[in-house]
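Asks: A single structure is presented below for examination.
The values are calculated or read from the model by the stated rules, or taken from the named source; none is laboratory data. What you are looking at is a predicted structure, and each value in this text was computed from that prediction instead of being measured. Cβ atoms come from the backbone with ideal geometry, glycine included; neighbour counts cover every protein chain shown. The accessibility values were calculated without ligands, DNA or RNA, using every heavy atom of the protein model including side chains. Shrake-Rupley method; radii C 1.70, N 1.55, O 1.52, S 1.80 Å.
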Amino acid sequence: EIGLYTGLEITPTAKWKFQLYHDMWKHPWLRYNVDAPTDGEEFFAKVTYTLKRRLEIYGQFRTKINSINSRPTGDAIAQVVDQKKTQLRLHLNNTLDKGFQLRTRLEWSFYSTPLEEQKGFLVYQDVVYSPLASPWTFSARVTLFDTDDYDSRIYTYENDLIYYYAIPAFSDQGSRFYINVRYKGIRNLTAEIKFAQSRWLDMTSVGSGNDEIPGNTRSEIRAQVIYRFDN
């Protein structure tokens, strides 16, 4: 791969920040699922407004163009075509006091090739409660999503258990909520639990193979206790 990445960050005042980057690349040989030399590019722009550490609003734009194999008629020999993915995001983080936050996000996705076009939308609302004087912390989220297919899916990061990383992909139509509770009231001990449930419209089963679940609902529960010994 041969490429060139250019980035820029501008902070004209304490309230405003502008971030930009442009990435372009070229693959001089075949790659997985791409049967020809190709090139591509990605552009990103983000504008953030912050008000006295209590309110942060940002708008974000990202678009990426690269190449994939396509067999529209089932031919043995694939055609290499361009695919374009574009995402728009509006995010608001409102700190009501030192231990209480509300986070709201709206995100749109657009996917296209010469043969098809897809679009998607997601909105979520977070509630985060973490007072300094309390051993309890709490976070919860409600998400609604609607995408034409998997190629227009939208990813979001979720609060989860310590050392557990969760960035689920949302596609089709449905909703999801989760509740995450953590307790640190005993010295050296942390106990936490998370419950999440996803529900899809017009589905008779979720997943595939050994992970297939009858119906349109999938529930998850995780819990752990961590005890750290003093040296």
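Asks: Could I have the simple spin-label model distance between A166 and V34, label points 7 Å from Cα toward Cβ, reported in nm to one decimal?
Replies: 3.3
Asks: Pick out, from L132, Y183, W108, the residue whose Cα sits farthest towards the positive end of the charge dipole of the chain, with +1 on the Cβ of Lys and Arg and -1 on the Cβ of Asp and Glu.
Replies: Towards the positive end, the residue furthest out is L132.
Asks: A further question follows. Mind checking the per residue accessible area of the chain for me, 1.4 Å probe, whole number of Å²?
Replies: Accessible surface, normalised per residue, equals 64 Å².
Asks: Let me ask something else about it. Residue by residue, what Karplus-based ³J(HN,Hα) values in Hz, rounded to whole numbers, does the stretch 121-128 have, using 6.51, -1.76 and 1.60 with θ = phi - 60° and x for Gly and Pro?
Replies: 8, 9, 9, 9, 10, 9, 10, 10
Asks: While we're here: Which of the lysines could a cross-linker bridge to K194, judged by Cα under 28 Å and excluding same-chain residues fewer than eight apart?
Replies: Partners found: K98, K184.
Asks: Now for a different question. Over the stretch 93-222, what relative contact order in percent results from Cα pairs under 8 Å that are six or more residues apart?
Replies: About 17 percent, as a whole number.
Asks: Also, quick follow-up: Give me the percent of Cα-Cα pairs in the stretch 102-215 that sit more than 25 Å apart, rounded to a whole number.
Replies: For the stretch 102-215, the fraction of Cα-Cα distances above 25 Å is 35 percent.
Asks: Just the Cα atoms of the stretch 72-113: what Rg and Dmax do they give in Å?
Replies: Final numbers for Rg and Dmax: 20.3, 61 Å.
Asks: On to the next question. When the Kirkwood hydrodynamic radius is evaluated over all pairs of different C-alpha atoms of the stretch 169-231, what value in angstrom, to one decimal, is obtained?
Replies: 14.1
Asks: Still on this structure, I have one more. Tell me which of T6, P72, A196 sits at the most positive position along the dipole axis of the chain, charges placed on C-beta atoms (Lys, Arg +1; Asp, Glu -1).
Replies: The residue sitting farthest along the positive end of the dipole is A196.
Asks: Distances longer than 19 Å among the Cα atoms of the stretch 1-128: what percent of all pairs is that?
Replies: That fraction is 64 percent.
Asks: How long, wide and thick is the stretch 38-99, going by the Cα atoms along their three principal axes, in whole angstroms, largest first?
Replies: Sorted from largest, the Cα extents of the stretch 38-99 read 61, 20, 13 Å.
Asks: Here is a further query. Can you return the lysines within cross-link range of K119? Criterion is Cα-Cα under 28 Å, with same-chain partners fewer than 8 residues away left out.
Replies: The reachable lysines, counting only those whose Cα sits under 28 Å from K119, are K26, K46, K64, K84, K85.
Asks: Now for a separate question. Rg to Rh ratio, the chain, alpha-carbon atoms and Kirkwood radius?
Replies: My calculation puts Rg/Rh at 1.03.
Asks: Further question on the same structure: Of the heavy-atom accessible surface of the chain (probe 1.4 angstrom), what whole percent is carbon and sulfur?
Replies: 57
Asks: Across the stretch 154-166, in residue order, what do the Karplus-derived ³J(HN,Hα) couplings come to in whole Hz, using 6.51 cos²θ - 1.76 cosθ + 1.60 with θ = phi - 60° and x for Gly and Pro?
Replies: Per residue, the Karplus-derived 3J(HN,Hα) values read 10, 9, 9, 7, 10, 5, 8, 5, 4, 6, 10, 10, 10 Hz.
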